Amino acid sequence: MATEKQDSSRKRPPNFRIEIPGDETVKSRVLEKLQRVKSYLTSTLNKPVNNSLIIEELLDFWIKQQLGSDNTKELHPFPSTYSQTRRQDVDQGLFVTAEKSLDTYGELFEAHTSICNGKLKVLKRTMKGHVASVRLMCTKEKSHSYLWSSSSYLPNDEFLVNHRICHAFYSSGLLPVHYTRFVNGAGIGCITKDRRSKFFRKYKEHAENESVQSVHNAINDEISSYDDLDGINIMTDARHGWRKNAEDTTVVALGEKTHKVMDCEHVTKSQDKVAQRHERLGTQKIYENLENKMCPLKFMHMIEIWL
């Protein structure tokens with residue numbers, strides 16, 4: 001009985017050709033890049049890939065990154081900018097950031113998405129005072145690792161955010177214990193005592209210079225406000241640390257017309273153990289200082305305030 005001969009040859013799948021202009025150099029360069037993409041996709045997808053899949057993946061990636069899509073929500077699922085904190089996230093890490101640092105993060109994210117469709121995740125966060133130094137890692141390509149800080153640097157290589165908060169702390173009148181309790185309670189990081197002391201030494205120098213210049217200007221303004229200068233009038237304001245047996249007293253002299261600070265003296269028990277004499281001692285020093293500055297006085301009004 002005759003039998004029909006079976007074709008054992010493998011049937012080739014449908015295919016098409018694409019002509020690309022270029023010489024052997026261009027051909028070699030394109031094939032090399034295709035091979036690199038092929039190796040990456042084979043490793044990522046864990047299966048063999050052909051040239052058709054490679055080209056489609058490349059074109060889809062370019063379209064998503066550059067042109068967008070009608071189905072934008074599916075291709076780029078943007079999370080809502082309004083979010084509610086879950087119970088388990090109320091103790092999440094907090095830090096202080098600067099506006100320019102947010103711009104830098106946006107530029108970093110944009111640069112990464114132009115070369116990779118992986119997401120950036122926080123791998124590690126290190127607090128440096130109130131500044132967060134964050135290590136970002138790509139979910140697809142481990143070599144895509146970036147270090148971002150929530151504050152820019154000053155010329156002295158210190159963080160702007162930490163300097164601004166130190167300035168606010170020292171100009172607010174808060175005690176160090178109040179600062180540490182506040183920042184530790186909020187969980188926004190804490191500037192170490194050594195760094196605060198280093199900042200204070202520089203801050204004190206600049207504050208003293210500003211104070212001297214301010215007093216000098218106040219005296220000139222008060223003197224110029226009199227038509228016939230045979231002396232100026234001042235008001236003194238004594239502020240005691242507390243009501244009974246105060247440890248220290250600050251005496252401030254204001255010009256009667258301008259109400260600007262013309263002098264300020266701080267008296268403690270190391271200078272006089274009797275708290276009731278602190279105001280008089282401070283006022284005497286103010287008189288001496290103004291006389292040394294050739295500023296004659298003709299009337300003084302005293303106001304006493306206990307804190």
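A few notes on this one:
- Inter-label distance for R125 and E247, nm, one decimal - labels placed 7 Å from Cα along Cα-to-Cβ: 3.7 nm
- In terms of other Cβ atoms within 10 Å, H130, H266 run from fewest to most in the order H266, H130.
- Exposure proxy for F109, F16, F159: other Cβ atoms within 10 Å of each Cβ, ordered fewest to most, give F16, F109, F159.
- Counting neighbouring Cβ atoms within 10 Å and putting the fewest first, the residues Y153, Y105 line up as Y153, Y105.
- Computed log₁₀ I(q)/I(0) - Debye formula, equal Cα scatterers, no solvent, the chain, q 0.09 Å⁻¹: -0.77
- Rounded FRET efficiency, nearest 0.05, which uses the C-beta distance separating R181 from K47 and R0 of 51 Å: 0.30
- For the chain, share of DSSP beta bridges that run antiparallel, in % to the nearest 5: 75 percent
- Length released on extending from T113 to E56, taking residue separation times 0.36 nm less the Cα-Cα span: 18.7 nm
- Rounded, prolate or oblate (a/c below 1.5 giving rounded, otherwise prolate when a/b exceeds b/c) for the stretch 194-253 by Cα gyration tensor: oblate
- Difference of contour (0.36 nm per residue) and Cα-Cα distance, K257 to E24: 74.8 nm
- Of the cross-linked pairs K11/K38; K198/K260; K260/K285, those separated by over 27 Å at the C-alpha level are K198/K260.
- Gained length - L94 relative to V212, 0.36 nm times residue gap less alpha-carbon distance: 38.5 nm
- Taking Cα centre as origin and charging only the Cβ of basic (Lys, Arg, +1) and acidic (Asp, Glu, -1) residues, the dipole magnitude of the chain rounds to 2140 debye.
- Each DSSP beta bridge with both residues in the stretch 149-307 is either parallel or antiparallel, and the antiparallel ones are about 60%.
- Residue-averaged 222 nm ellipticity for the chain, from DSSP H runs of 4+ at -39500 (n - 2.57), nearest 500: -13500 deg cm²/dmol
- Antiparallel beta bridges, as assigned by DSSP with both residues in the stretch 226-306, represent about 60 percent of the total such bridges.
- Cα-based helix-to-principal-axis angle, 24-45 vs the chain, degrees rounded to 10: 80 degrees
Read-outs: derived from the displayed coordinates by stated rules, not from any lab. This structure is a prediction, so every number in the text was calculated from the model and none was measured. In this analysis, Cβ positions are derived from the backbone assuming ideal geometry, glycine residues included, and neighbour counts consider all displayed protein chains.
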